[in-house]
Amino acid sequence: MTGRIVISEVGPRDGLQSIAAIMPTEAKKAWIAAEAGAGVREIEVGSFVPARILPQLADTAELVAFARSLPGLTVAALVPNLKGALAAVEAGAHKITLPLSVSETHSQKNLRRSHAEVLDEVRAIAEHLRSLPAARRPRFEGGLSTAFGCTLEGPVPTAQVLRLGEALLAAGADEVGLADTTGYANPTMVRERVTRLREVVGEDCFAGLHLHNTRGLGLANVLAGLEVGVTTFDSSLGGLGGCPFAPGASGNVVTEDLVFMLQSMGLDTGIDLPRLLEVRAVVKAALPGEPLYGFTPEAGLPLGFKQAEAGS
Ligand code: ZN
């Protein structure tokens, strides 16, 4: 395990969509700018869904435009369909992710779409992207959500994950990622599914892991991913979002704890951890009463903690 690990901050999207409070746009900008300032190189700033469904994310286009002004930052956004993808391209997103729920029941109930219908959207998006000049063409990830289990279906077979991963690429996605939307993953499963998916889609087309900490296995699952060569992980500052069914459990893996683990293992994230810890104050002030999670921020950095040096 050496080299650079990419941490993709998804709090402004995954965290904020999971809570009722609406963070003011200016506070979101301050959050995004502060995290970029701490060295975070990729941020998913929102989702291009209709405002009546997720009013918390209604300002995504404005945030994409703002985040693009921050030097060196990859600006990512979630898109549920072609309409969302068109809006994301218009706003100038560098990367778009379309989620495909491996569980067909979840896909029908949450997105009101079958697998075939979602794959039709992927084809339409890919076709549109191909018509764009290279400079305006975002990277297009197909995100396999509920890839480790589903609250509606229970276990999700590996074969189904592999089949849909292949289908996403065949439909025109550039890369495929695995998401533990529901906190069902364990380290053995992570090792197995990542390894097998990469065999099927190819090393270069595996995007990374999106892990939740619903049952406390988030960092253990990250470690399992590292062991099989994963270099990109999603996480959210303060584990924002939580889980309504698991009081005390954070939503996504907590960015601060993830950075602490990686840096103390000697892995380079490019992130200045003391500066990252300061970003919590920005989020806290904008979301009064909303719990923020994380052990490292509570405990503080251990005496003699050394940041991994860039390029080490
Ligand atoms: Zn998620």
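The values are calculated or read from the model by the stated rules, or taken from the named source; none is laboratory data. Please read all numbers here as calculations on a predicted model, not as lab measurements. We place every Cβ from the backbone using ideal geometry, glycine too, and count neighbours over all the protein chains shown.
Looking across Phe140, Phe148, one residue alone is away from the ligand (no atom under 16 Å from the Cβ) and among the aromatic types (Phe, Trp, Tyr). It is Phe140. With respect to Met23, determine if the residue is away from the ligand (no atom under 16 Å from the Cβ), closer than 20 Å to Gly238 by Cβ and either modelled with pLDDT under 95 or not in a strand (DSSP E or B) (or both). Answer is yes for this residue.
Results for (1) part of a helix (DSSP H, G or I); (2) away from the ligand (no atom under 16 Å from the Cβ); (3) small (Gly, Ala, Ser), shown as yes or no for each residue.
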{"position": "Leu168", "(1), (2), (3)": "yes, yes, no"}
{"position": "Glu192", "(1), (2), (3)": "yes, yes, no"}
{"position": "Asp234", "(1), (2), (3)": "no, no, no"}
{"position": "Gly241", "(1), (2), (3)": "no, no, yes"}
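The numbered conditions (1) at pLDDT below 95; (2) crowded, with 23+ Cβ neighbours inside 10 Å are all true for Phe148 except (1).
Yes/no per residue for (1) over 21 Å from Ile271 (Cα atoms); (2) at pLDDT below 95:
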residue	(1), (2)
Arg41	no, no
Val45	no, no
Leu54	yes, yes
Pro71	no, no
Val75	no, no
Leu78	yes, no
Lys83	yes, no
Leu86	yes, no
Gly92	yes, no
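When the residues of region 194-214 are filtered to those that are under 24 Å from Leu152 (Cα atoms) and more than 16 Å from the ligand (Cβ to nearest atom), the one that is surrounded by the most Cβ atoms within 10 Å (Cβ to Cβ) is Leu197.
Against the numbered list (1) modelled with pLDDT of 95 or more; (2) closer than 24 Å to Gly15 by Cα, Arg196 comes up short only at (2).
Among the residues of region 278-293, the one identified as over 18 Å from Ile22 (Cα atoms) and surrounded by fewer than 20 Cβ atoms within 10 Å (Cβ to Cβ) is Glu278. Checked against the criterion of being part of a loop (DSSP other than H, G, I, E, B), more than 17 Å from the chain's Cα centre (by Cα), surrounded by fewer than 18 Cβ atoms within 10 Å (Cβ to Cβ) and of a type outside the set (Ser, Thr, Tyr), region 73-90 has no qualifying residue.
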